[in-house]
Every structure is written in structure tokens, then in C-alpha cells.
Amino acid sequence: MKIISIEIINVKTEFAPDTSTWQPVVVKINTDEGICGGITEGKKICDMAHVYDVRVQPHICGGPIATAAALQLEAVIPNFIIHETHRFSLLEGNIVTCKYDYQPQNGYYEVPERPGIGQELTDEIMAVSYIEKIQ
């Protein structure tokens, strides 16, 4: 079985496959919503991939905010294949930054149903963060 994997799509213009030369059984791309322009841009990349029957595994190598964002994206794309997890999500320094700790249970994640992406910074982190209001 051939497997073609494109690691990390940064912007949607990078996804322009010439599928006429592909003869794969499985084709997969990784989007990284932290660098591709956010959830909306990531969704556009996933939609473009879906046209070519390309599966998506969002690239998650970050903390709890990245995990929550990825779970929201994965819940709405039809070509989602698998959730990537990384040891960073288990580091105490990352876990304590947010109010909710999303970890898989029996191999599955629950999609957050809280407002927004379903994650919030803790009051302690907000207290020591630089916040600039733009008017």
C-alpha cells in the first residue's frame, strides 16, 4: 500500500496537488492551525483536500489551546482521519495554563461544547500575561 503524506501545510496556496501522477491508496496532509492562519484557514485547506479525496490529520504539537482548536476543526471536516497528540500536551507547564485539560479517554477525545473553541486561560496565567487592548 502506498502512503503519501504531506507534512504541514502553512497556507492554502501550498495545497495544489497534481493528482494525475498519484496512485496511492492513502493520501494524507497535515494542517497546523497555529501557523496556517487559524481555524478558518485550516478549514479552507481541509475543504480543498476533500475535493481530491485527501485525508487530514491536523498537526498538533502545542498546548491545550492548540488541542481544543484542533478538536473543533476535526469535528466539522468530513476528511478527518486521526488526531495527532504529542507529549507537550502532557507537560504540567502546559496543562496549568488553561482551565480544561483535554486528554483522550480510551483512545477518544470528547469535542468541547463550551463557547468558542472550548478552552480558556486560567486566571493565574491571565494575571501574569501582557494584555494590550486595541481600540
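Taken together, the values in this text are just the output of simple stated rules run on the coordinates, not laboratory data. Just so you know, these numbers come straight off a predicted model, no measurement behind them.
The value obtained for the stretch 39-80, namely the Cα convex hull volume divided by the number of residues, is 55 Å³ per residue. Taking 0.36 nm per residue of sequence separation and removing the Cα-Cα distance, the ILE35/GLN103 pair yields an extension gain of 22.2 nm.
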